[in-house]
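Visitor: Have a look at this one.
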Amino acid sequence: MNKIRLESVSLSFGRRELFKNLTLEFSAGKVVGVIGRNGSGKSTLLKLAAKILKPDTGEVNIHGAQTVAAVTPEMKIYDALTAAENLNFFAKLRGKNINPAELGRRVGVDFETEIRAGDFSTGMRQRLKFAILLAVDADVWILDEPTSNLDEAGREIFLREIKSGARGGKIILLATNDAADLEVCDEVIELPAGGGDFS
Amino acid sequence: MKLSNFLQAAAIFHKDFLVGLRRRAAFAAMAMFSLTAIASMSLSVGGILIEPKLLAALLWVVIFFAAGAGISGTFEDEAAAGTLATLKLYAAPQAVLFGKMAFTLASLLALTIFLLPVFLILFDAAVAQIFLLLATILLGLTGIAAAGTLTAALTVSASTKGGLFPILLFPVTLPIFLPAISLTEAALTGAEFAPEFLLAMIFYDAILTVASSILYDFLD
Amino acid sequence: MWKLIIFLTATIIAAIIFFVPPVQGLGELAKIIFFHVPAAWVSVVGFFVSAFYAAKFLRTGEMKFDELSARAARLGFIFVILATVSGAIFSKLTWGAYWNWDPRQTTIFVLILIYGAYLTLRAAVPNEKARAKVSAVYSLLSVLTVPFLVFILPRMYFSLHPEPVLNSAGRLEMDAEFLAVLLAAVLDATLIFWRLMKEKT
């Protein structure tokens, strides 16, 4: 069974101690929502789980799962490339053959266009980022505020895809400030304000 | 390198090439920098015949600083645009390094194809041993690309970037410059050259490439 | 430790002033060689010590090794400046010019550039962990230049420098007392470096 396990993880930024002795497990086939106030460490927790950040002490182990994909505000796409070029590039990095047009239909944007991603609207770019996540078909989905900047229709598409991803056995972590996103979550973790001692 | 890493590196090279074609800023900066540097020197000496040794040194100084203008942003541009984080998530570190190194070498080669004729014409210099000159330039650029790519990765976390890149790159590429200048001089004059300098350059290029590969893993 | 160093230093200075005969034709000031050689030696030692701790830092990730690597580089930078200045004075006395790019002068100049680049890089990176990583990587990268410069430089520049203490013929070409004082001075400088490395901050 695929899972991610954080074992007595501690992390601080300078003097700001965010996590102390945090132990958590995320298993496949479930959407785990992460909520908490600004600065509580939602994004950091996701980065730790994805091994983008290394903890100061403790361990993060990803069992079974091989690949990680993410939609986060700081991970940008290439503005100089078109949607299809962006999709093809990231798919190629993961050895996948994809059909941009079909992915475009799934997220509700026309990707068969010469328009570069830099000229997309914020919402369209968000949908393109999500399409990249779908394109690479990773085992672990890291979703940080994925529905921000989306209209209602966009949110519905995203939540539907997230649900079906979980049914397909993905490990899905969803950090959000939006209560509407919580309807797809099977579990919700609430982080205390300002991080905390979890021992 | 694993096959998947090689394919990733090739994809990154292709992507950098596409972005480079559309955002011509980096290449335009390199080309204009070299043109300005050559013109300023050629104008100020005003047709005086310059010794081959000095000419060889000038050529490499121009190449070095033009390279600095063009390749210092190899990682920084992506970091500023926010795409570096995405790239690092989706590609293996070694693929990122070698994809970028290959693209850096390609842009340096393109730069030199532009710069060398301009240089030779404006300084009215004849080349006696063209193959020696080309071999020297190829080996020199390979080393600059290897050291420059790693150095560009080092400067990403720096807050003050102005001038940092050439400061860091110069000492590390000195073992390339010294033999390259000496070989270039021989190529211009047709004098006998020291083959051990060519070997030293090949060897140093190889060492720089391997060292960059090993050290880059620690930067993650 | 400081007591021993002060005693040793005082003895060496006394020996240089009163015991060592003036260098032929160069006058008293040429005795700056007793300062120059040890300073140059320590600047090279500092360079390798810095790289050694850089490697240790990358292997273990412990910040104390980064601190030691940085300190060795800071000390090395001071010593390399002292060595360059004293070397230039000696050069002016013996060969008539402050600077003439002979292989060893070039080497020490490269060392200044590397130390300077390393310390500039450290100053430019605000984040502690990132600074430790990038400066360790740069330190190790710059060490690679050493064997190549040692190979290339003597083939590019004509050397005016005195032969090394033990020259290629394996013969000593110095007065025994001159040599003894010089070696003691080198030892003294190394001890000063070593003690400063251990200094608590």
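Visitor: Filter segment B:184-210 for residues that are without any contact (Cβ under 8 Å) to a residue 60 or more places away in the chain and either at the interface with chain C (Cβ under 10 Å from one of its Cβ atoms) or assigned to a helix (DSSP H, G or I) (or both) and give the result.
Guide: B:Ala186, B:Ala194, B:Pro195, B:Glu196, B:Phe197, B:Leu199, B:Ala200, B:Phe203, B:Ala206, B:Ile207, B:Val210
Residues are listed down the side, and each one gets a yes or a no for (1) within 24 Å of B:Phe165 (Cα to Cα); (2) among the hydroxyl-bearing types (Ser, Thr, Tyr):
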site	(1), (2)
C:Phe35	no, no
C:Pro38	no, no
C:Phe57	yes, no
C:Arg71	yes, no
C:Val80	yes, no
C:Ser86	no, yes
C:Phe90	no, no
C:Phe109	yes, no
C:Arg122	yes, no
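Visitor: While we're on this one: When the residues of segment B:148-173 are narrowed to those that are within 24 Å of C:Glu128 (Cβ to Cβ) and polar (S, T, N, Q), which ends up surrounded by the most Cβ atoms within 10 Å (Cβ to Cβ)?
Guide: Looking at residues that are within 24 Å of C:Glu128 (Cβ to Cβ) and polar (S, T, N, Q), I get B:Thr151.
Visitor: Which of the residues spanning segment C:26-85 are over 17 Å from the mean Cα position of the chain (by Cα), part of a helix (DSSP H, G or I) and modelled with pLDDT under 90?
Guide: Listed by number, the residues that qualify are C:Glu28, C:Leu29, C:Ala30, C:Lys31.
Visitor: Could I ask something else about it? Can you work out which of the residues in segment A:81-121 that are among the basic types (Lys, Arg) and more than 10 Å from every other protein chain (Cβ to nearest Cβ) is surrounded by the most Cβ atoms within 10 Å (Cβ to Cβ)?
Guide: A:Arg106
Visitor: For segment B:22-40, which residues satisfy the criterion of being surrounded by fewer than 18 Cβ atoms within 10 Å (Cβ to Cβ) and among the hydrophobic types (A, V, I, L, M, F, W, C)?
Guide: Across segment B:22-40, the qualifying residues are B:Ala25, B:Phe27, B:Ala28, B:Ala29, B:Met32, B:Leu35, B:Ala39.
Visitor: Collect the residues in segment A:122-131 that are within 14 Å of another protein chain (Cβ to nearest Cβ) and either of a type outside the set (Phe, Trp, Tyr) or over 20 Å from A:Lys76 (Cα atoms) (or both), keeping them in residue-number order.
Guide: Across segment A:122-131, the qualifying residues are A:Thr122, A:Arg125, A:Gln126, A:Leu128, A:Lys129, A:Ala131.
Visitor: Can you name every residue in segment B:55-79 that is small (Gly, Ala, Ser) and touching a residue at least 60 places away in the same chain (Cβ under 8 Å)?
Guide: B:Ala56, B:Ala57, B:Ala67, B:Gly68, B:Ser72, B:Gly73, B:Ala79
Visitor: Any idea which residue in segment B:1-34 is nearest to the other protein chains (Cβ to nearest Cβ), counting only those that are outside any helix (DSSP H, G or I) and either of a type outside the set (D, E, K, R) or over 16 Å from B:Phe114 (Cα atoms) (or both)?
Guide: Once the filter is applied, the top-ranked residue is B:Arg23.
Visitor: Could you identify the single residue in A:Phe19, A:Phe13, A:Phe26 that is of a type in the set (Phe, Trp, Tyr), more than 14 Å from the chain's Cα centre (by Cα) and buried (at least 17 other Cβ atoms within 10 Å of the Cβ)?
Guide: Only one candidate qualifies: A:Phe19.
Visitor: Could you please give the count of residues in segment B:138-182 that are touching a residue at least 60 places away in the same chain (Cβ under 8 Å), aliphatic (A, V, I, L, M) and more than 9 Å from chain C (Cβ to nearest Cβ)?
Guide: 7
Visitor: I need a count of the residues in segment B:42-54 that are in contact (Cβ under 8 Å) with a residue 40 or more places away in the chain, part of a helix (DSSP H, G or I) and not polar (S, T, N, Q).
Guide: Summing the residues that are in contact (Cβ under 8 Å) with a residue 40 or more places away in the chain, part of a helix (DSSP H, G or I) and not polar (S, T, N, Q) in segment B:42-54 gives 2.
Visitor: Got a number for residues in segment B:92-104 being facing chain A (nearest Cβ under 10 Å) and surrounded by fewer than 24 Cβ atoms within 10 Å (Cβ to Cβ)?
Guide: Looking only at that region, the number is 1.
Visitor: State all residues of segment C:111-126 that are part of a helix (DSSP H, G or I), at the interface with chain B (Cβ under 7 Å from one of its Cβ atoms), among the aliphatic types (A, V, I, L, M) and more than 16 Å from the chain's Cα centre (by Cα); if no residue qualifies, say none.
Guide: C:Ala117, C:Leu121, C:Ala124
Visitor: Mind checking whether some residue in segment B:60-71 is assigned to a loop (DSSP other than H, G, I, E, B) and surrounded by fewer than 23 Cβ atoms within 10 Å (Cβ to Cβ)?
Guide: Within segment B:60-71, none of the residues are assigned to a loop (DSSP other than H, G, I, E, B) and surrounded by fewer than 23 Cβ atoms within 10 Å (Cβ to Cβ).
Visitor: Scanning for something assigned to a helix (DSSP H, G or I), polar (S, T, N, Q) and under 19 Å from B:Ser157 (Cα atoms), does segment B:82-92 turn up at least one residue?
Guide: Within segment B:82-92 (the criterion being assigned to a helix (DSSP H, G or I), polar (S, T, N, Q) and under 19 Å from B:Ser157 (Cα atoms)), the answer is yes, since at least one residue qualifies.
The values are calculated or read from the model by the stated rules, or taken from the named source; none is laboratory data. The structure presented is a predicted model; accordingly, all values stated were derived computationally and were not measured. Cβ sites come from the backbone with ideal geometry, for glycine too, and all protein chains shown count toward neighbours.
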